[in-house]
Each structure stands twice: as C-alpha cells, then as structure tokens.
Amino acid sequence: MGTNCNGEYFVVQAKENGVQVIGLTRGQDTRFHHSEKLDKGEVMIAQFTEHTSAIKIRGKAKILTSHGEIDAANE
Ligand code: TRP
C-alpha cells in the first residue's frame, strides 16, 4: 500500500480536559496503536492511514469528518 497521504482527515476539538483520541490498527487484528490526550480547547487534525483504519474518541469532544459533525459533548 505504501505511505498513504490521501487518507481522509478528521478533526477533534476537546470540550473537556483529558479527551483521548485512540488510533486502531488496520488489517487482521484491530488493536490500539496510539492514544493522544487533548485538553479542553485543543484541536487534533489527523488522517486515516495505512496504519490507522478506525479511531475511538473518549470524552466530550466536537468531531468533524467528511460525513458530518458530531457534538459528543451533548450525549
Ligand atoms: N503513525 C500513525 C499513522 O500514520 C499516526 C496517526 C495517524 C494517528 N492518524 C491517527 C494516531 C489517528 C492516532 C489517531 O497511522
């Protein structure tokens, strides 16, 4: 596959301290490979890549993707 620079981007903005953005591996086994902690107001802009096929977000956050916007703060 090679390095994929064309993966979709997503944006996460933390609405509280300690929001976690967890990357899950692509391929046969699905496991956590990276966990990033964001404090309130911090923004992470990242892509889906050859290493990352799914993302799990813990905590209150605004999430923007090409599929729309989710306000996970209001659940
Ligand atoms: N090294 C990871 C990768 O290339 C970095 C990364 C990209 C990442 N997107 C992510 C980590 C989303 C956590 C969440 O796949």
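The values are calculated or read from the model by the stated rules, or taken from the named source; none is laboratory data. Just so it is clear, the structure is predicted and the values come from calculations on it, not from any experiment. Reconstructed Cβ throughout: ideal geometry from the backbone, glycine too, with neighbour counts over all protein chains shown. Please note that ligands, DNA and RNA were not included when accessible areas were found on the heavy atoms of the full protein model with its side chains. Shrake-Rupley method; radii C 1.70, N 1.55, O 1.52, S 1.80 Å.
Rounded to the nearest percent, how much of the accessible area of the chain (1.4 Å probe, protein heavy atoms only) is carbon and sulfur?
Solvent-exposed carbon and sulfur of the chain make up 47 percent of the total.
Please report, in debye to the nearest 20, how large the charge dipole of segment 1-67 is about its Cα centre when each Lys and Arg carries +1 at its beta carbon and each Asp and Glu carries -1 there. Please report the intermediate quantities before stating the final value.
Details: 9 positive and 7 negative charges, 54 e Å.
Result for segment 1-67 is approximately 260 debye, rounded to the nearest 20.
Pop out the ³J(HN,Hα) list for segment 55-69 in order, Karplus 6.51 cos²θ - 1.76 cosθ + 1.60 with θ = phi - 60°, rounded to Hz; leave Gly and Pro as x.
Calculated HN-Hα couplings, in order: 9, 10, 10, 10, x, 7, 7, 9, 10, 10, 9, 5, 8, x, 10 Hz.
Does the chain classify as rounded, prolate or oblate by the C-alpha gyration tensor (a ≥ b ≥ c root eigenvalues; a/c under 1.5 gives rounded; else a/b over b/c gives prolate, otherwise oblate)?
Prolate.
Between residue 47 and residue 17, what's the calculated FRET efficiency when r is the beta-carbon distance and R0 is 35 Å? Round to 0.05.
It comes to 0.90.
Over the chain, calculate the relative contact order: mean separation of alpha carbon pairs under 8 Å at least 6 apart, over the residue count, as a percent.
39 percent
Given a 1.4 Å probe and heavy atoms of the protein chains only, how would you sort 66, 53, largest accessible area at the top? Could you put the intermediate results ahead of the total?
Details: 66 80, 53 50 Å².
Descending accessible area places them as 66, 53.
Mind checking segment 10-63 for GluC sites (Glu not before Pro) that DSSP puts in a loop (not H, G, I, E or B) and that have at most 15 other Cβ atoms within 10 Å? Don't skip to the answer; put the middle values down first.
Working: sites: 16, 36, 42, 50; in loops: 16, 42, 50.
Answer in residue order: 16, 42, 50.
Per residue of segment 35-41, in order, report the coupling 6.51 cos²θ - 1.76 cosθ + 1.60 (Karplus, θ = phi - 60°) as ³J(HN,Hα) in whole Hz, putting x for Gly and Pro.
10, 10, 9, 10, 8, 3, x
Using a Gaussian network for the chain with springs between C-alpha atoms less than 10 Å apart, which of these wobbles most: 28, 20, 47?
28
Order the following by accessible area, largest value first: 67, 51. Probe radius 1.4 Å; ligands, DNA and RNA are ignored.
Details: 67 175, 51 120 Å².
Output order, biggest surface exposure first: 67, 51.
What FRET efficiency would be calculated for the residue pair residue 8, residue 33, taking the C-beta separation as r and a Förster radius of 22 Å, to the nearest 0.05? Working shown, then result.
Numbers: r = 18 Å, r/R0 = 0.81.
With a Förster radius of 22 Å, E is 0.80.
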